[in-house]
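Asker: Here it is: the structure, laid out below.
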Amino acid sequence: MHIDILTLFPQMFQGVFDSGIFKRAIDQKLVSVGVHNIRDYSHDKHHTVDDYPYGGGAGMVLKPEPIFEAIESIKREADVSIILLTPQGRLFGQQIAQELSQHSHLILICGRYEGVDERVSEHLATDEISIGDYVLSGGELAAMVVIDAVVRLLPGVLGSATSPLDDSHVAGVLEYPQYTRPATYRGWSVPEVLLSGNHAQIASWRREQVIRRTLERRPELLDKAELSPEEKNLIQKLRQA
Ligand code: JAH
């Protein structure tokens, strides 16, 4: 996969691509990344990228020309998705991450100021995504969230030991709690069963934790989750208690 990012703040992406899972994925050539400064595609001597809103109102709007020209300067693959990060977009989740991971090329457009000229969403973007209902100062942090969730789904990016299919939100329920040494810390002990070495009992305890926590914290997830008859029984029991 190749990912291009259009932004007024390219430096914001340095830390993300220089560390951890991304750095490894890039070094292994599983993914390549281009970060482009929108300002480099404005032609006037002040490198103007924004202007006052037609019709009046507070703040500034990102002009269309530098964004169109930046994208036209990028060699597009046939199955590219051109994504505008915006609070008006479809709400991002694991299913959209999965869907985006099937493309060979993603272009992410990060807006700033009070927004982006509407002609970018009408005539340039092929997709619009929001990571949640809150106001950010720009699309950069949202773009980082999207690419993190997508890149870890690409074949070979996670070690073979970790399957992305085991994660919360893939199975549609929350994960069971994890513990490591020491067995007792400040008087707080790890649940006995995890030290028992009885793998059948451990698996059953974990399945119960998954249901309990999901019911307690995110009950709406259980409506869509794929559950075994035993799990459905447990939900009934816990809902009555
Ligand atoms: C803010 C352009 N889904 C969160 C999100 C995404 C983008 C923006 N805000 C929130 C944003 C300012 C300018 C985009």
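The values are calculated or read from the model by the stated rules, or taken from the named source; none is laboratory data. The structure presented is a predicted model; accordingly, all values stated were derived computationally and were not measured. No Cβ is skipped: glycine too gets one built from the backbone with ideal geometry, and neighbour counts run over all protein chains shown. These area figures cover heavy atoms from the full protein model, side chains too; ligands, DNA and RNA do not enter into them. Shrake-Rupley method; radii C 1.70, N 1.55, O 1.52, S 1.80 Å.
Asker: Carbon-plus-sulfur fraction of the accessible area of the chain, 1.4 Å probe, in percent?
Answerer: 50 percent
Asker: Also: Quick one: if the Förster radius is 41 Å, what FRET efficiency do Glu175 and Ile74 give, using the C-beta to C-beta distance and rounding to 0.05?
Answerer: 0.60
Asker: Also: Taking H as built 1.01 Å from N, whose amide H comes closer than 5 Å to the amide H of Ile5, not counting residues under 5 places away?
Answerer: Excluding prolines and chain starts, which carry no amide H, the hits are Gly34, Val35, His36, Leu108.
Asker: Hey, what number do you get for the chain at 222 nm if only DSSP H runs of n ≥ 4 count, each worth -39500 (n - 2.57), divided across all residues, to the nearest 500?
Answerer: -9500 deg cm²/dmol
Asker: If I take R0 = 41 Å and measure r between the Cβ atoms of Asp223 and Ser104 in this structure, what FRET efficiency does the formula 1/(1 + (r/R0)^6) give, to the nearest 0.05?
Answerer: My answer for the efficiency is 0.75.
Asker: Measure off 7 Å from each Cα along the Cα-to-Cβ vector at Met60 and Glu230, then give the distance between these two points in nanometres to one decimal.
Answerer: 6.1 nm
Asker: If the cut-off is 25 Å between C-alpha atoms, which lysines fall inside it for Lys45, apart from same-chain ones fewer than 8 positions away?
Answerer: The reachable lysines, counting only those whose Cα sits under 25 Å from Lys45, are Lys63.
Asker: Excluding same-chain residues fewer than 8 positions from Lys237, which lysines have a Cα within less than 21 Å of its Cα?
Answerer: In chain and number order, the partners are Lys224.
Asker: Give me the angle, in degrees from 0 to 90, between the Cα long axis of helix 229-240 and the longest principal axis of the Cα atoms of the chain, rounded to the nearest 10.
Answerer: Its long axis makes an angle of about 90 degrees.
Asker: To check you understand DSSP bridge types, tell me what percent of the beta bridges within the chain (both residues inside) are antiparallel, rounded to 5.
Answerer: Of those bridges, close to 15 percent are antiparallel.
Asker: I've got another one for you. Just tell me which lysines come within less than 28 Å, Cα to Cα, of Lys29; anything on the same chain fewer than 8 places away is out.
Answerer: Partners found: Lys75.
Asker: In nanometres, what is the gap between the two model label sites at Gln14 and Ser168, each 7 Å from Cα along Cα-to-Cβ?
Answerer: Each label point is offset 7 Å from its Cα along the Cβ direction, giving 3.3 nm.
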